[in-house]
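Structure record follows, encoded as structure tokens.
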Amino acid sequence: MLILDGKIASQAVRNELRSRVASLVQAGKRRPHLAAILVGNNGASETYVASKVKNCEEIGFASSLIRMDEQVAETALLDQIRQLNADPAIDGILVQLPLPKQISEQKVIEAIDPAKDVDGFHPANVGKLVQGLPTFIPATPYGIMLMLEYFDIPTKGKHAVVIGRSNIVGRPMSILLSSNLPKGNCTVTLCHSHTPNLAEVCRSADIIVAALGKPGFVKANMVKPGAVIIDVGITRVTDPTAAKGFRIKGDVDYPEVSAVASAITPVPGGVGLMTIAGLLKNTLQAYEQRESE
Ligand code: NAD
């Protein structure tokens with residue numbers, strides 16, 4: 001059984017990006033610059049944004065973290081996005097989700113300049129993804145594709161089952177796996193909360209991508225022997241014995257399923273790290289596109 005180690009695969013991406021930035025700097029060019037907006041102080045969001053900023057610094061990107069109060073008005077956030085859109089020094093903009101109730105996520109996503117939309121959530125970029133045109137691929141599905149490439153997992157002609165149809169993970173994942181890409185060309189079944197025979201569908205899968213946010217949901221009896229398992233889930237489960245009072249759990253029952261699968265991503269240390277790699281690649285792509293204009 002192969003552990004699809006996100007530390008190793010993401011390190012390879014970061015090494016490549018670090019050396020590309022080093023040559024840009026050596027050639028007297030500016031560094032790619034990512035701006036992240038964090039609204040409020042949700043613990044998980046704080047951790048994700050801190051990790052994105054740290055990774056930027058580590059590979060030589062410039063980064064800015066803009067913090068806004070939990071109570072901030074939607075108009076103030078939209079104004080901040082417009083400022084970043086107009087700022088020639090900024091290549092990529094990300095607004096950490098989820099946002100407080102008074103703010104429409106859709107309005108925020110649509111306010112970001114599609115050329116700086118390194119999360120790939122803008123409808124213009126999603127449209128390009130669907131049509132197989134060059135675009136910013138949402139970071140988590142992009143990271144998973146990079147992981148499949150790194151470990152050279154065969155996908156052509158395989159049956160992939162994606163559990164979850166969110167705009168940020170499940171749906172774009174189903175599009176990529178079914179596209180004519182080096183790690184695409186799967187026959188894809190997209191399952192969701194109204195899928196009646198989920199266990200049976202999963203048992204016919206060569207590849208399962210679990211992105212539903214229900215810890216330990218995928219059990220060994222739902223997995224065909226030898227299947228490849230990609231666990232996207234990240235849920236904080238209370239555990240008084242853990243130093244922080246919680247543990248991070250994936251959507252797959254790892255002890256059971258790892259005994260049946262041929263390859264599996266651990267949680268933590270799997271898809272989460274690849275998500276950051278995808279974001280960093282998108283930021284460099286935004287920089288290169290803007291520099292070439
Ligand atoms: P979401 O809540 O937006 O979507 C969940 C999806 O799962 C929905 O489409 C729903 O129909 C489906 N679903 C829920 N219960 C189901 C069931 N019993 N059977 C079948 N389908 C079911 O979630 P999301 O934003 O896509 O995130 C999913 C998980 O992935 C969460 O745990 C989230 O924290 C995690 N996540 C991880 C990363 C990462 O970098 N590793 C990135 C994004 C999200």
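Derived scalar couplings between HN and Hα for the stretch 135-146 equal 6, 8, 7, x, 4, 5, x, 4, x, 5, 4, 5 Hz in order, rounded to whole Hz, by the Karplus curve 6.51 cos²θ - 1.76 cosθ + 1.60 (θ = phi - 60°), x for Gly and Pro.
Just to be sure I understand: of the beta bridges DSSP finds with both ends in the chain, what percent are antiparallel, rounded to 5?
DSSP beta bridges in the chain are roughly 10 percent antiparallel.
The residues of the stretch 28-114 expose, per residue, 48 Å² of accessible area to a 1.4 Å probe.
Here the Karplus relation 6.51 cos²θ - 1.76 cosθ + 1.60, evaluated at θ = phi - 60°, turns the backbone of the stretch 18-32 into coupling constants of 4, 6, 5, 5, 4, 6, 4, 5, 4, 7, x, 8, 6, 8, x Hz, with x for every Gly and Pro. For the chain, the longest principal axis of the Cα atoms and the long axis of helix 271-291 meet at an angle of about 40 degrees.
Relative contact order for the stretch 1-160: what percent, with Cα pairs under 8 Å and sequence separation of 6 or more? Intermediate results must be reported in sequence, preceding the final value.
Details: 185 pairs, mean separation 33.6, N = 160.
21 percent.
In order along the stretch 192-207, the Karplus-derived 3J(HN,Hα) couplings, from 6.51 cos²θ - 1.76 cosθ + 1.60 at θ = phi - 60°, round to 8, 5, 9, 6, x, 10, 4, 4, 5, 4, 4, 5, 9, 8, 8, 9 Hz, and Gly and Pro are given as x.
So what's the net charge close to Ala263: Lys and Arg +1, Asp and Glu -1, counting the other residues with Cβ under 12 Å from its Cβ?
Residues close to Ala263 contribute a combined charge of -4.
Helix 43-59 and the longest principal axis of the Cα set of the chain meet at an angle near 70°. Could you work out the helix-only [θ] at 222 nm for the chain, with each DSSP H run of four or more residues adding -39,500 (n - 2.57) and the total divided by the number of residues, to the nearest 500 deg cm²/dmol? The per-residue figure over the chain is -12500 deg cm²/dmol.
Of all the accessible heavy-atom surface of the chain, with the other protein chains kept in place and a 1.4 Å probe, what percent is carbon and sulfur?
On the way: 7250 of 13390 Å².
Carbon with sulfur: 54 percent of the solvent-accessible area.
Among the listed pairs Lys107/Lys281; Lys156/Lys281; Lys7/Lys281; Lys107/Lys219, those with a Cα-Cα distance over 28 Å are Lys107/Lys219.
Under the rule a/c < 1.5 gives rounded, and otherwise a/b versus b/c splits prolate from oblate, where does the stretch 28-114 land using the Cα gyration tensor? Let's see the in-between values first.
On the way: a/c = 2.50, a/b = 1.35, b/c = 1.84.
It comes out oblate by the Cα gyration axes.
Of Arg67, Arg30, the residue with the largest accessible area leads and the full order is Arg67, Arg30 (1.4 Å probe). Axis of helix 74-86 versus longest Cα principal axis of the chain: the two differ by about 70°, to the nearest ten degrees.
The values are calculated or read from the model by the stated rules, or taken from the named source; none is laboratory data. From a predicted model like this one, the values you see are computed outputs, not experimental measurements. Here the Cβ is made from the backbone with ideal geometry for all residues, glycine too, and neighbour counts use every protein chain on show. Only protein heavy atoms, including side chains, enter the accessible area calculation; ligands, DNA and RNA are left aside. Shrake-Rupley method; radii C 1.70, N 1.55, O 1.52, S 1.80 Å.
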